[in-house]
Amino acid sequence: MSGRALFGILIGWIGWAGGFLLLYALQATGCRAGWDGHLLGPISALRLLLIITTVAIVLVLIWFTVKANRHGSTSSLERIGVLANSAAILAALCFTGVIWLQLCA
Amino acid sequence: MTQSPRKSALRLHRELTAIWGTPPGWGCLQAVNHTVIGKRFMMTALVFFAIGGILAMLIRTQLATTQSAFLDAASYAQVFTMHGVVMMFLFAIPFFEGLAMYLLPKMLGSRDLAFPRMSAYGYWCYLFGGTFLVGALVAGVAPDGGWFMYTPLSSSTYSPGVNADVWLLGITFVEISALSAAVEILVSVLKLRAPGMSLTRMPIFAWYMLIVAGMMLIGFPPLILGSILLEAERAFGLPFFDPTRGGDPLLWQHLFWLFGHPEVYIIFLPAAGALSTIIPTLARRPLEGYEIVVAAVIALAFLSFGLWVHHMYTVGIPHVALSFFSAASGLAAVPTGVQIFAWLATLAHGKPRMSVPMLHIFGFMFVFVLGGLTGVMLAMVPFDWQAHDTHFVVAHLHYVLVGGFVFPMLAAAYYWLPHIFGRQAVQHLSHAAFWMIFIGFNLTFFAMHLTGLRGMPRRISTYPPEAGWETLNFVSSMGGFIMTTGFALVALDLLLLAVFGKPFRRNPWRAGTLEWAMPTPPPAYAFASLPEISARADQLDPDRLGPVLASGQGYLGATRHGWMEIIGVDMVTGKPEQVVVLPKRTYLPLLTAIATGSFFALILVKLYWLAPLALLIVTALFLLWTRDCGLKSDLGDLAVGHGTHLPHHYQTAQPPSYWAMVFTLAADATLFASLLFGSLFLWLSAPNWPPESVIPIDATTSVISAVALIVAAGFGRGAFTSRTVGNLCIVAVAYAVALLALGYVLIEIHAEATRHAAVASIFAVKAYAVLHIFVGLILSLFCLWRVRRGYVSVRRDLDLRLGRQWHLFTLTTGVIALAFPFVINLLAGGAGP
């Protein structure tokens, strides 16, 4: 009970931090491996991978929030969880540069 | 015959003081009490603040005029480096650690922190480490490569003296206290609260400190790792940062700023916690948006870790990666703004009482908001490229840190000093001191924005007359001296408060938090009995509660066997779970800190062969700490008052030390993850990869070690369920085998490790595993001894429980360490024969 309730208010941001590291690592690895040079139609393989990953991160964050709030936010701790997890979803805005910005130096 | 409440309160006071008090004279060196240690932290931090301030004045004197000959370039480099080091590492964090140690048990309705001896050990490490750094300055061998100690400037090629070693060893020594404080605060806030105080009934300051302690737990290990790797390069030639041998100077920047940016928030958030406590009291209204403020602090904590490259925009990182960090930097303004609006709303809806703390809160609002705005400017990559490494950045960071830390600290000092001294301010000097600091600060640093925008770089000791920076620099220097005079007046004012302040009865601010429900200055035991909390703990009535608790009508309102007793609760609900019995005062924290300091000193003087002996002494001293711990027979549940009976903490599944181990392993895992990240970063980014020759791998020893670790973890688990000596003997033997096998590998590859960063990375990862296996061996032998001496039973299995956690962690990290060379070889596929 204790661990789960505490985890519930952090899960969104843990997901955001994990997503951040995953995207940064994928971008760096993709550049090292030359995936930016492989074109898949109008965009590179690396960009497609990063966009798919970003969408997946946002979906996972939404799922975390919905799951954490499935019984309704009745207690103060649950309300804090909903606020924190919703903020984490909005913070996924940080990743939108994968759509148009230069991927590799 | 029943005693009157006053007589029973006096009797209880005498009994509790005999148990919890610290003796005078040499006995004060045994102190472990949170009130004593908290005050020592704060006082020592203020001494370092004064030293840092004097260094700042030297800097301003040097820069006041063009081509100044006041300091030569080498001395100036030591002075500005030490100014940053002292203010960041020796003043800001330790001051709020001390404040948290002093306040948290009192605000949470407890009698002490979870691990008082660890607090004392942390304090001594801090004092010795700080003295070590300042002593180096006096001796003229202080660090001189900037407070961030960038490589390659700090590598042995360009900094051949001991200056950089002083930084690396001194800071690592000091950071032991930060990590121990983080674990201490996390466990204390989560487990040691008054019965009934659920998480959401906690005073807001406890939320802030809980989150900050979590940040420290994750933020400091990368810095400690970076320091170890750089010292290993300087001392033994392992080329982690040397680009000619597969290293990369940028690895240092990543590791340093992984710590360094969260550090800014680690400094700001406790100050914000103090503001969130003081503002509602002075506004005579509860904090607006308690829940949204907690959510904002959580958001800020995580965002602060997503900003580290914010300091590295100019090193050549691709645009998309810059965008992640730039957007996160900008976003950090949102949760900060949420808090500022919550404070403004509280003031707007309340009836603010104009007072000295309120004056400093005004100073905070003005200065910090300006600093935040320039922070948003610097978060934008194109602007940062223009202003990078100029005095604009220096001005910004001072607006953020002085605004976000020093003004709140002064507000907190004026607010809580009556609690510490039992006297109220006379306030003859307080207003003049504030205005001198406020005006002096803005003169100094507003002008510095302009010098920066006119192109003046950081860290230069002189500048030519034709640069056109002299007038602005002169204004900055004059402002600096005005500000310093203001701080001197504050020091005098506080001294006057301590000596001539007006005594008061209780709760001079009419606050609603528990620290005011006790006599002031506070007794060593804090509360004679512990309260039951049924409302939010910042809206209580300390004037009514105080006498009730003093007369022993709360929980634990009587002494038992001379034990130092407190109540442990469920982390979320605050339901009482256990009676936690704390260990007594002892000289061991001091002796252990001296031994720890001798280890660092031996490394500094390059007596490497002797350093392991110091480590063995440290280990032996830590083992001596356990003499007072444990029970030799099972106890029934203990009466705690109000008809409640609770088990002794040794007879529960999750006592405070269980959680301390969980959090320590979390910090440890962060360090290991940072090490793996560093190695993979080198593969991705460093020049001169792959290495020219094959990386040596000994599959046989890897298999032997892996099997030994699996056996150790398996039998460690078996020992937990069966509590048999045989299982523990097998654990010890398995660890010994793994130690021999991996020790052999280390010896085999140590010469190769200086050749290329790939091998150095393998060496570092395996050394990490060896260290953990060694600790596992010690732990298994300790558990063996405890079982044989009768400390372990079905109900008393804490030692084995902690051992099981360690064995599992060592197995996990050990297997990764064993697989690591294969992964590196695979990644560096181009390695030729």
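The values are calculated or read from the model by the stated rules, or taken from the named source; none is laboratory data. Keep in mind that this is a model prediction, so the values were computed, not measured. All Cβ positions, glycine included, derive from the backbone under ideal geometry; neighbour counts span all protein chains shown.
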Subject >> Which numbered condition B:Met448 misses (of (1) crowded, with 17+ Cβ neighbours inside 10 Å; (2) closer than 15 Å to B:Val393 by Cα; (3) more than 32 Å from the chain's Cα centre (by Cα); (4) not acidic (Asp, Glu)) >> reply: (3)
Original post:
When the residues of region B:460-494 are filtered to those that are outside any helix (DSSP H, G or I) and in contact with a helix residue (DSSP H, G or I) (Cβ under 6 Å, 6 or more places away or on another chain), which remaining residue is nearest to B:Gln67 (Cα to Cα)?
Top reply: B:Ser461
**OP:** Inspect all residues belonging to region B:251-270 and state whether any of them is more than 20 Å from the chain's Cα centre (by Cα) and not in a helix (DSSP H, G or I).
**Re:** no
Subject >> Enumeration of residues in region B:310-325 that are of a type in the set (Gly, Ala, Ser), over 15 Å from A:Ala92 (Cβ atoms) and not in a loop (DSSP other than H, G, I, E, B) >> reply: B:Ala321
**OP:** Being of a type in the set (Val, Ile, Thr) and surrounded by 20 or more Cβ atoms within 10 Å (Cβ to Cβ) is the filter; apply it to region B:560-580 and report the residue that is nearest to the other protein chains (Cβ to nearest Cβ).
**Re:** B:Val569
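Quick check on this structure: which one of B:Gly145, B:Gly170 is buried (at least 24 other Cβ atoms within 10 Å of the Cβ) and modelled with pLDDT under 95?
Details: B:Gly145 fails: buried (at least 24 other Cβ atoms within 10 Å of the Cβ).
Answer to the check: B:Gly170.
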**OP:** May I ask you to list pairs of residues, at least six apart or on different chains, whose Cβ atoms are under 7 Å apart, with the first in region B:218-241 being at positive phi and the second being assigned to a helix (DSSP H, G or I)?
**Re:** B:Gly237/B:Thr754
Original post:
Among the listed residues A:Ala68, A:Ala92, A:Ala105, A:Ala87, which satisfies the condition of being surrounded by fewer than 17 Cβ atoms within 10 Å (Cβ to Cβ) and either within 12 Å of chain B (Cβ to nearest Cβ) or within 21 Å of B:Val294 (Cα to Cα) (or both)?
Top reply: A:Ala105
Original post:
Within region B:291-307, can one find any residue that is assigned to a helix (DSSP H, G or I), touching a residue at least 12 places away in the same chain (Cβ under 8 Å), within 13 Å of chain A (Cβ to nearest Cβ) and closer than 23 Å to B:Trp385 by Cβ?
Top reply: yes
Original post:
Looking at (1) crowded, with 17+ Cβ neighbours inside 10 Å; (2) on the phi > 0 side of the Ramachandran plot, which is the one condition that is false for B:Arg459?
Top reply: (1)
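Can you give me the number of residues within region B:322-345 that are more than 29 Å from the chain's Cα centre (by Cα) and either closer than 14 Å to A:Gln27 by Cβ or within 7 Å of chain A (Cβ to nearest Cβ) (or both)? Spell out how you get there, then give the answer.
Of the residues in region B:322-345, the ones more than 29 Å from the chain's Cα centre (by Cα) are B:323, B:344-345.
Imposing the further condition that a residue be either closer than 14 Å to A:Gln27 by Cβ or within 7 Å of chain A (Cβ to nearest Cβ) (or both) reduces the set to B:323.
The total comes to 1.
Could you please find all residues in region A:8-27 being under 8 Å from the mean Cα position of the chain (by Cα) and either facing chain B (nearest Cβ under 7 Å) or buried (at least 20 other Cβ atoms within 10 Å of the Cβ) (or both)? Step through it out loud before you land on a result.
Of region A:8-27, the ones under 8 Å from the mean Cα position of the chain (by Cα) are A:15-20.
Correct list: A:Gly15, A:Trp16, A:Ala17, A:Gly19, A:Phe20.
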**OP:** For B:Thr66, indicate whether it is touching a Pro at 6+ places or on another chain (Cβ under 6 Å), in contact (Cβ under 8 Å) with a residue 60 or more places away in the chain and buried (at least 21 other Cβ atoms within 10 Å of the Cβ).
**Re:** no
Original post:
Is there a residue in region A:39-62 that is closer than 30 Å to B:Gln654 by Cα and either within 12 Å of another protein chain (Cβ to nearest Cβ) or free of Cβ contacts under 8 Å to residues at least 40 places away in the same chain (or both)?
Top reply: no
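State whether one or more residues within region B:341-351 are more than 21 Å from B:Ala301 (Cβ to Cβ) and not in a helix (DSSP H, G or I). Step through it out loud before you land on a result.
Narrowing region B:341-351 to residues more than 21 Å from B:Ala301 (Cβ to Cβ): B:344-351.
Applying the additional criterion that residues be not in a helix (DSSP H, G or I) yields B:350-351.
Yes, because at least one residue in region B:341-351 is more than 21 Å from B:Ala301 (Cβ to Cβ) and not in a helix (DSSP H, G or I).
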**OP:** Would you confirm whether any residue within region B:114-123 is surrounded by 24 or more Cβ atoms within 10 Å (Cβ to Cβ), at pLDDT 95 or above and outside any helix (DSSP H, G or I)?
**Re:** yes
Original post:
Scanning for something crowded, with 19+ Cβ neighbours inside 10 Å, of a type in the set (Phe, Trp, Tyr) and either closer than 23 Å to B:Ser477 by Cα or touching a Ser or Thr at 6+ places or on another chain (Cβ under 9 Å) (or both), does region B:358-366 turn up at least one residue?
Top reply: yes
**OP:** Please work out if B:Ala283 is touching a helix residue (DSSP H, G or I) at 6+ places or on another chain (Cβ under 8 Å), over 24 Å from B:Ile762 (Cα atoms), surrounded by fewer than 24 Cβ atoms within 10 Å (Cβ to Cβ) and more than 14 Å from chain A (Cβ to nearest Cβ).
**Re:** yes
Original post:
What single numbered condition from (1) crowded, with 24+ Cβ neighbours inside 10 Å; (2) among the β-branched types (Val, Ile, Thr); (3) touching a Pro at 6+ places or on another chain (Cβ under 8 Å) fails to hold for B:Ile93?
Top reply: (3)
